[in-house]
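Reviewing the structure listed below.
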Amino acid sequence: MTRFIAPSILSANFLDLRKDIEMINQSNAHWIHYDVMDGVFVPNISFGLPILKQISSIAQKPLDVHLMIANPDQYITAFKDAGAANITVHIETCPHLNRTINFIKEQGLMASVCLNPHTPIEMLEEIIQDIDMVLIMSVNPGFGGQLFIESTYRKIGKLKKMILDKNLKTLIEVDGGVNFETGKKLFEAGANVLVSGSFIFHSDNPTKRIDDLLSV
């Protein structure tokens, strides 16, 4: 089974961001996860296009951009131009999700859809065949370091069954509360990509922490 690790730079050291990006470059991580928050859809504000563009100038791993924002459609081209390789939008913010997914793909990007903890998997039934990846939030979006929501495992199991029943290759990404214990169970439940922030960046040896998380 495909296993990816995507360190979330929401927990990186912004006084020395270059050092943390170079650490990811040299590690066995696969993507750099970039959370964009607008203070409207989620109760926090993070960073946007200028910082992504600067990161893309030194990043050697694809930039996995998660748009936790209202009206994401109007920013997709701008984030692509700033260096995004993957773009994730929330099902809760896209009234015309099929149109949004098609537009992301037309930009030559991986198209992903995120579900908040309270959003049922069944809402993907009519769109799953068009999605490259589904991001399951295992905490409520907005802040790092939250406690993992245990029902996530069951949710992933239901999503994995939907994917297999339709003979698809859709990836499953999970973000929130990822550590060795939850990471092992998430991979076993069917997840392919683990997003991890503070668990990686606040460790004594982030590079080894990435390796250890890959092999749980």
Exercise for the section: For residue 127, put the label point 7 Å out on the Cα→Cβ axis and report which residues of region 72-87 keep their amide N under 15 Å from it. Expected result: 72-74, 76, 87
Practice task
Compute the signed sum of charges (Lys and Arg +1, Asp and Glu -1) over the other residues within less than 12 Å, Cβ to Cβ, of residue 118.
Solution key: 0
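Could you tell me which of the pairs 160/208; 105/169; 61/208; 19/80 are separated by over 19 angstrom between their Cα atoms in the structure shown?
Distance filter (> 19 Å) returns 160/208; 19/80.
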Practice task
Would you compute, from DSSP H runs of 4+ residues alone, the mean residue ellipticity of the chain at 222 nm, taking -39500 (n - 2.57) per run and dividing by the full residue count, rounded to the nearest 500?
Solution key: -9500 deg cm²/dmol
Problem - Order of 164, 214, 67 under a 10 Å beta carbon neighbour criterion, fewest first - result: 164, 214, 67
Problem - Cut-off of 10 Å, at most 14 other beta carbons, DSSP loop: longest stretch of the chain lacking such trypsin sites (Lys or Arg not before Pro) - result: 1-165
Exercise for the section: Please check the chain for the longest run free of chymotrypsin sites (Phe, Trp or Tyr not before Pro) that are loop-located per DSSP (anything but H, G, I, E, B) and have at most 14 other Cβ atoms within 10 Å. Expected result: 15-142
Completion exercise
Scan of the chain for GluC sites (Glu not before Pro) in DSSP loops with at most 14 other beta-carbon atoms within 10 Å gives a longest site-free stretch of 1-124
Practice task
Could you grab the relative contact order for the chain? Cα pairs under 8 Å, six or more apart, rounded to a whole percent.
Solution key: 22 percent
Exercise for the section: Quote the charge dipole size of region 4-214 about the Cα centre in Debye, to the nearest 20; the model charges only the Cβ of Lys and Arg (+1) and of Asp and Glu (-1). Expected result: 280 debye
Problem - Sequence of 56, 138, 203 once ranked by neighbouring C-beta atoms within 10 Å, starting from the fewest - result: 203, 56, 138
Problem - Computed lengthening from residue 92 to residue 19, 0.36 nm per intervening residue step minus Cα-Cα distance - result: 22.8 nm
Handout entry: For 212, 73, 64, order by how many other beta-carbon atoms lie within 10 Å, fewest first
Key = 212, 73, 64
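Coordinate-derived values only; no laboratory data. What you see is a predicted model, and the numbers here were worked out from it, not measured in a lab. Ideal geometry is used to build each Cβ from the backbone, glycine not excepted, and the neighbour counts take in all protein chains shown.
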